[in-house]
Amino acid sequence: MHLRSSRRVRAVVGGAVALALVLTGCSGSEPEFSYTPPKQVDAKLSDDVTAQLQSAVDQAMASSGSTGAIVGVWVPWSGQWVAGVGTQSGGDSAKVTADMSFRIADVTRLMTCDVLYGLADDGKVELDELVTKHVSGVADLGDATLLDLCNGTSGAGSSEASVKANWLKTPAREWSPLRLASYGLGVPRGPVHTAYRDSDAGYLILGLALERISGKTASELIAEYVTTPLGLASTALPTPVAATPTPGPAMHGNYLPAVEGGYDCTAPIDITKMSSSVGYTDSGATSTITDLGRYIQAEARQALRAEKAEPARFGQPLPSSAKAPSWYQATGGGLMVGSMIGQQGWVPGYATAAYSDPATGFTVAVTLNNSSAGSSIATYLAWQLAAIASKAPAAKGQTAPEFGLPFTAEQYGKSIADAAICAPPKE
């Protein structure tokens, strides 16, 4: 059946799973969930395609100063490539493995909007309620709605530029969402309702509003409305106490010390242990590559909502910026890249991007373990990987669908080279 023909289905499934875990006394068994991903050929991608993917990852790591990366590419009609690449950090030769946890940065925005739509579908809130009804101290958002916060149309600015240095110096600091958002609310406001603006402050305020509407923490809400119904056992919004990404081993996150004219690419600084309050409901969640791929695939297909639920969350996208190509749009907490839906971003230590095509289930996800280049190189890498994998030949007995992208792998290989903050190693 559909994942959730009603909220009652989700609650029953989640309750049954929790009860089963209590009765068995462990979480090692695989519970049954009602979400079924698109059928995926049980095979590896061809050696030729994999070699191209590996080369692209190597270039992106060198260009961003990353020592490690985790990548997942799922081509339902051809095969998959899921891999850990490189090492933990410059001084740690331990290999990065595909099962490691990491911070998923702005993909968290999608989850926050999942909660908003879930509460609305449950009749607990209206999407067009004013932000000021639920959050005080944000008078400048007087004409913005909860849906505006999700869609990026509140006109609010971003806090990132003002607080980045503090994040790196004091990663264990626990930020209050309103204090962190205040830096973005303090910059000149853009138009409301009609234009998209990349605003971390908007998603921070949205998370705070959802907590006040529900009486639950953002962590509890994401567990209830996202990770439990989708069976994402390795995905969560952690508590604010500084910690490394869990469960299991974490891929180390790093940043590069600034020097005159750029960065010292030979001395990455470990920032794996950090408070999730740095990102909260904008960029605070953690996951693994398998969970992230499963989530973004379900999200693109809007599997968390009843079939044909209104309003259509991704139905009226806006240009992601005034200079963006026509195929690059934004709404609903996500970004539309051609036919793919996803998100991208960075938090101290990590840069992550994930996209999926709702019609075919074609999915790419990647994280780099250095954040000094921001999100650009991870984003370009995800698009480059998608362009390469989209041309993967159909496996025996399969038929490749009509699927294409409005850009080429070569285009974004060049973009990665142009965005490089570190020189590639000499051969």
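Taken together, the values in this text are just the output of simple stated rules run on the coordinates, not laboratory data. None of these values were measured; they are calculated from a predicted model. Methodologically, a virtual Cβ is constructed for each residue, glycine included, from the backbone with ideal geometry; neighbour enumeration extends over all protein chains shown.
What the table shows:
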read-out	value
Efficiency of FRET from Cβ geometry, residue 266 and residue 126, R₀ 60 Å, rounded to 0.05	0.65
Residue-by-residue Karplus 3J(HN,Hα) for the stretch 264-279, coefficients 6.51, -1.76, 1.60, Hz, glycine and proline x	8, 6, 9, 9, x, 10, 6, 9, 4, 8, 7, 7, 5, 5, 4, x
Net charge of Cβ neighbours under 13 Å - reference residue 180; Lys, Arg +1; Asp, Glu -1	-1
Residues with amide H under 5 Å from that of residue 144, placed H, sequence gap 5 or more	131
Span-rule helices in the chain, defined as complete DSSP H runs reaching 24 Å or more along the axis (Cα) with Kyte mean at least 1.0	7-24
Average Cα contact separation per residue, the chain, under 8 Å, 6 or more apart, as relative contact order %	23 percent
Long-range Cα-Cα pairs in the stretch 274-337 (distance over 19 Å), rounded percent	50 percent
Whole-Hz couplings from phi, Karplus 6.51/-1.76/1.60, listed for the stretch 236-243; x for Gly and Pro	6, 9, x, 5, x, 4, 4, 7
Between the stretch 348-391 and the stretch 212-233, the Cα center-to-center distance that results, in Å	25 Å
Lys/Arg +1, Asp/Glu -1 at C-beta; the chain dipole; positive extreme among 72, 423, 281	281
Approximate spin-label separation residue 99-residue 82, in nm, with each point projected 7 Å along Cα-to-Cβ	1.1 nm
Residue among 134, 181, 171 farthest towards the positive dipole end of the stretch 115-195, charges placed on Cβ	171
Long-range HN-HN contacts of residue 175 with modeled amide H, under 5 Å	277, 278
In the stretch 103-195, the chymotrypsin sites (Phe, Trp or Tyr not before Pro) that fall in loop regions by DSSP, at most 16 other Cβ within 10 Å	none
Top positive-direction residue, dipole computed over the chain with Cβ charges, set 256, 207, 309	309
Using θ = phi - 60° and Karplus 6.51 cos²θ - 1.76 cosθ + 1.60, couplings along the stretch 327-332 (whole Hz; Gly, Pro as x)	8, 10, 10, 8, 4, x
Label-reachable residues, the stretch 121-159, where backbone N falls under 16 Å from a point 7 Å from residue 195's Cα toward its Cβ	152-158
Entries of 39/391; 273/391; 124/164 with Cα pairs more than 28 Å apart	273/391; 124/164
Dipole magnitude (debye, nearest 20) for the stretch 196-337, charges at Cβ of Lys, Arg, Asp, Glu	420 debye
Low-density loop cleavage sites - trypsin sites (Lys or Arg not before Pro) in the stretch 294-327, where at most 13 other Cβ are within 10 Å (DSSP)	308, 323
Distance between the stretch 68-141 and the stretch 245-259 - C-alpha centres, whole angstrom	17 Å
Counted charge near residue 322, where neighbours are those whose Cβ lies closer than 15 Å (Asp, Glu -1; Lys, Arg +1)	+1
Pairwise FRET efficiency - residue 164 versus residue 396, Cβ, R0 = 60 Å, nearest 0.05	0.75
Net lengthening on full extension, residue 217/residue 92 (0.36 nm per residue, minus Cα-Cα)	41.4 nm
Modelled FRET efficiency - R0 30 Å, residue 187 with residue 327, Cβ distances, 0.05 increments	0.55
Residue-count net charge about residue 218 - beta-carbon cut-off 13 Å; Lys, Arg +1, Asp, Glu -1	-2
The chain: most fluctuating residue of 401, 245, 38 per GNM, C-alpha cutoff 10 Å	401
Segment residue 259-residue 136, extension gain: residue separation times 0.36 nm, minus the distance between their alpha carbons	40.1 nm
Ordering of 69-77, 226-234, 257-265 by burial proxy (mean other Cβ atoms within 10 Å per residue, highest first)	69-77, 226-234, 257-265
Value at 222 nm in deg cm²/dmol, rounded to 500, when DSSP H runs of n ≥ 4 in the chain each add -39,500 (n - 2.57)	-10000 deg cm²/dmol
